[in-house]
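Bear in mind these aren't lab numbers, they're just calculated from the coordinates by the rules spelled out. Not measured: the values here are computed from a predicted model. Using ideal geometry, Cβ is built from the backbone for each residue, glycine included, and neighbour counts are taken over all protein chains shown.
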Amino acid sequence: MNLFSLSENSNNCYERLRFNIAFVLLLCLVYTFSSFAQRQTMTKAEIIKAADEYKIPSFNMFRELLKIPNNGNFPEQMEDNANWCVKTFNNLKFSTQILRSEGIPHVLAERVFNKNYKTILFYLQIDGQPVDSSKWHQRSPYIPSLKKLVHDKWEAVDWKMLEDGYDPDLRIFARSASDSKGPAMAFISAMEILNRKSISPKFNIKVIMDFQEELGSPALTRLVSEKPALFNAELMLIMDGARDLSNLPTLTFGARGIATVTLKVFGATRDLHSGQYGNFAPNPIFKLADLIAGMKDENGRVTLPGFYEGVDIDDAEKEAIETLHENQDEIKRSLGIADMDHVGTSYQESLLYPSLNVRGIQSGWVGQEVRTLIPSTATAEIDMRLVPETPAERQIKLLKDYILSKNFHFVDSIPTIEERQKYTKLISMKSDIGSLPFRTKINSSIGQWLSKAMYDIFDDRFVKTITTGGSQPIAPFINTLNIPAVSIRIPNPDNNIHAPNENIRVGNYVEGIQMCLSILMQEMK
């Protein structure tokens, strides 16, 4: 064999070796990418790690959102929040549009990951209750403050305390921290984490953002009824509401509706001096007080005939209530009450019944403004929480029938002189129907799917509640789109929502990101 032949054989071997190495590398790459494409998921450990690693960018973004005032009574504040939402979801690779109904903006975002996937509609509440800055223990409700409990008092601390080794019991104080920019940001953070990891959820996503929830979402019903195709989905997940009293991660399968009533009882045509006219001119406060006192018995049950009619708690609901293992003594102690109203046998069971509440009474003056007068009017504001078995129209009629049974005469506004001379009991009544109630079966396929997502991240340390005592404007979606709805509960129950010094516990916020990630990883079948 000559040197040339030997050299040629060596070259051939070298080329074959290069080819074989390249082929093996190609197979490895194909296997790696195919395995990743097939997996496209995150383990429990990976979810916990990802939420922890992303917490600082998430908190920074959360603080940015909280700084935007969000009173739904002010158009400029709604527009500022809507623009922030559009920018944020565009950055998350969603298509967005601002939908206006009766001049009110709503933001709809959508992202299709696979045309064969099912679709989930997420509801985010972005507006908040009005604020009285003088009642807040910080510079402004719209300047978030991180606080630590020191000797039973919340004291501001440096935001750097959220870095490695942070205390989960720290709290962020700001308007809408819990209700409901916190839950919205938990969802947004989960989507950002998936984007960074190039992982896609197992379903397509639509997101509707509401900027007047605290006003009853007055334009939402019309928007959904006029453009139902925009909201088509198999399920609605509501990022709103506080956790169960245990503060464990919570799924809530319903919400009560609400109807409100204003009652005004009339006395003389003007306020009268109590010295000159006491014992002669009747005081309308006593008539109103007597009327209200008869609305409930000594056990706290509403006396209006038929008020609870139709309510029937099934076996699955009773079982769900029993699994919560409520400590009623602890609940009463935390509320500072000696006994509870005996409507249900437990806190959770009581939420399955309609309620009647006097939320305010006004007549004359008190405190330093007190005056020796017989007021000319006395007003009571009433709210009635509704369940699916007790429609608003029926409950309002029951209240009116009760008032008629007490020999009151109804007037449309201020009584005429003729009415004043003819009737001894004069009253006006104005009513309004707000959010409607809804309830999704707790043992439905949707319930089982969500339960698996919760179990995957929290094992058995989570709870499922049948309904929340509050109201949510979800009925337009349920009634028009005919889809079930479930609320994903993140904030701590002692969060002061609607009140001064609203807050969210840091540990709850981070767990909220974990909850959202686990749900996003669940395949819908």
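Key figures
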{"quantity": "Residue list for the stretch 475-501, given a label point 7 angstrom along the Cα-to-Cβ vector of Ala229 and an amide N cut-off under 16 Å", "calculated": "481"}
{"quantity": "Along each principal axis, Cα extent of the stretch 178-326, largest first, Å", "calculated": "81, 38, 30"}
{"quantity": "Dipole moment magnitude, nearest 20 debye, the chain about Cα centre, only Lys, Arg, Asp, Glu C-beta charged", "calculated": "940 debye"}
{"quantity": "Label-point separation, Gln97 to Asp412 (7 Å along Cα→Cβ), nm", "calculated": "4.2 nm"}
{"quantity": "Counting all C-alpha pairs of the stretch 398-525, share separated by more than 17 Å (%)", "calculated": "73 percent"}
{"quantity": "Leading residue at positive end of dipole, the chain (Cβ point charges), from Tyr353, Met161, Met209", "calculated": "Met209"}
{"quantity": "Percent of alpha-carbon pairs separated by more than 23 Å within the stretch 278-380", "calculated": "49 percent"}
{"quantity": "Partners for Lys147 among aspartates and glutamates (Cα-Cα distance below 14 Å; same-chain residues under 8 apart left out)", "calculated": "Glu155, Asp158, Asp167, Asp169, Glu502"}
{"quantity": "Calculated SAXS-style log₁₀ I(q)/I(0) at q = 0.24 Å⁻¹ - the stretch 54-137, Debye, Cα scatterers", "calculated": "-1.29"}
{"quantity": "Between the stretch 65-129 and the stretch 325-389, the Cα center-to-center distance that results, in Å", "calculated": "35 Å"}
{"quantity": "14 Å cut-off, amide nitrogen to a point 7 angstrom out along Glu298 Cα→Cβ, residues in the stretch 332-350", "calculated": "342"}
{"quantity": "Cross-link pairs Lys93/Lys160; Lys49/Lys115; Lys87/Lys135; Lys318/Lys525; Lys206/Lys441 - those with Cα-Cα distance over 25 Å", "calculated": "Lys93/Lys160; Lys49/Lys115; Lys87/Lys135; Lys318/Lys525"}
{"quantity": "Which listed pairs, of Lys118/Lys197; Lys406/Lys430; Lys181/Lys296, have C-alpha distances above 26 Å, in listed order", "calculated": "Lys181/Lys296"}
{"quantity": "Dipole-positive endmost among Asn407, Phe438, Gln395 within the stretch 383-525 (Cβ charges, Cα centre)", "calculated": "Asn407"}
{"quantity": "Equivalent ellipsoid dimensions for the stretch 349-458 as semi-axes, Å, which come from the Cα gyration tensor, largest first", "calculated": "44, 20, 10"}
{"quantity": "Label-point separation in nm, Val366 to Asp432, each point 7 Å along Cα→Cβ", "calculated": "2.3 nm"}
{"quantity": "Length released on extending from Lys160 to Ala338, taking residue separation times 0.36 nm less the Cα-Cα span", "calculated": "59.9 nm"}
{"quantity": "Where trypsin sites (Lys or Arg not before Pro) fall in DSSP loop in the stretch 175-232, at most 14 other Cβ within 10 Å", "calculated": "Lys197"}
{"quantity": "Length released on extending from Lys67 to Asn83, taking residue separation times 0.36 nm less the Cα-Cα span", "calculated": "4.4 nm"}
{"quantity": "Potential lengthening between Arg139 and Tyr308 on full extension [0.36 nm per residue; Cα-Cα distance subtracted]", "calculated": "56.2 nm"}
{"quantity": "Relative contact order, percent, the stretch 73-151 [alpha-carbon distance under 8 Å, six or more residues apart]", "calculated": "19 percent"}
{"quantity": "At 1.306 mPa s and 10 °C, Stokes diffusion of the chain via Kirkwood alpha-carbon radius, µm² per second", "calculated": "60 µm²/s"}
{"quantity": "Check: the stretch 275-373 dipole with +1 on Lys, Arg Cβ and -1 on Asp, Glu Cβ, in debye", "calculated": "960 debye"}
